[in-house]
Amino acid sequence: MQRVVLSVLGVIALIAVSQASEGRVLFGLTVPETVGGATYAGVQDYEVKSPGLGYGLFYKKPGAKVTVYLYDLGLTSIPPGLKSKTLRENFEQARQDIYNAGYDKVEAGREFTVAGKFLCASYKITAPSRQFFGADSLLCLASWKNKFVKFRISADHTATSRAESEQFVAAWTKVLWP
């Protein structure tokens, strides 16, 4: 009897794990449980109500708010590469969105690339009403399999916050391009 119960529990556990894994495949991407020192915390499905807006993946990282967006804006083709006009236009729109997000103050930092795959820009954001007092913020964008992959990371300002954010983005290269 005990073996039957254990066997049934084992099958139930396998089904639960299988369903959890299947539930986290988005646009062909298996969402990692952990990556770059952050732990998966949930997903927001924007695609169901607004096709083209995709999904927001939330990750927990001490002292940081991390969101990874996967979307295509309804485009059937998003050319790869940092010099893609489509990528550059979407990057400029994402940069403008930061200024329009209602923060009290946004100071633009530098524009750069991460791992030869991501266009990035750094910011310093102040928004006391949102509990941001001098947060370092990072925006990065890449194209992957005709999708945009956008990172928005806001972290408490420390001597290493920007470097840690860049390391998180770089860790995704192994997820997206194994």
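Give the residues of the stretch 26-37 that are closer than 17 Å to residue 62 by Cβ and under 11 Å from the mean Cα position of the chain (by Cα), sorted by residue number.
Across the stretch 26-37, the qualifying residue is only 35.
Which of the residues spanning the stretch 87-105 are buried (at least 16 other Cβ atoms within 10 Å of the Cβ) and either in contact (Cβ under 8 Å) with a residue 60 or more places away in the chain or not basic (Lys, Arg) (or both)?
87, 90, 91, 94, 98, 103
Taking the condition of a type in the set (Asp, Glu) and either in a strand (DSSP E or B) or touching a Gly at 6+ places or on another chain (Cβ under 6 Å) (or both), does residue 92 pass?
No.
Can you give me the number of residues within the stretch 156-170 that are within 14 Å of the chain's Cα centre (by Cα) and either among the acidic types (Asp, Glu) or surrounded by 18 or more Cβ atoms within 10 Å (Cβ to Cβ) (or both)?
4
Here is a yes/no grid of residues against (1) without any contact (Cβ under 8 Å) to a residue 24 or more places away in the chain; (2) touching a strand residue (DSSP E or B) at 6+ places or on another chain (Cβ under 8 Å):
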site: 123; (1), (2): no, yes
site: 138; (1), (2): no, yes
site: 147; (1), (2): no, yes
site: 151; (1), (2): no, yes
site: 155; (1), (2): no, yes
site: 160; (1), (2): yes, no
site: 167; (1), (2): no, no
site: 171; (1), (2): no, yes
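Residue 141 fails exactly one of the following numbered conditions: (1) in contact with a Lys or Arg (Cβ under 7 Å, 6 or more places away or on another chain); (2) crowded, with 22+ Cβ neighbours inside 10 Å; (3) over 22 Å from residue 79 (Cα atoms). What is the number of that condition?
(3)
Going by the structure shown, is residue 115 aliphatic (A, V, I, L, M), touching a residue at least 24 places away in the same chain (Cβ under 8 Å) and surrounded by fewer than 20 Cβ atoms within 10 Å (Cβ to Cβ)?
yes
Inside the stretch 139-167, can you point out the residues that are within 18 Å of residue 116 (Cβ to Cβ), part of a helix (DSSP H, G or I) and not hydrophobic (A, V, I, L, M, F, W, C)?
Passing the criteria: 165, 166, 167.
Each value in this text was obtained by applying a stated rule to the coordinates, not by laboratory testing. As the structure is a computational prediction, the values presented were derived from the model and not from experiment. Quick reminder, even Gly has a Cβ in these numbers, built from the backbone with ideal geometry, and neighbours come from all protein chains shown.
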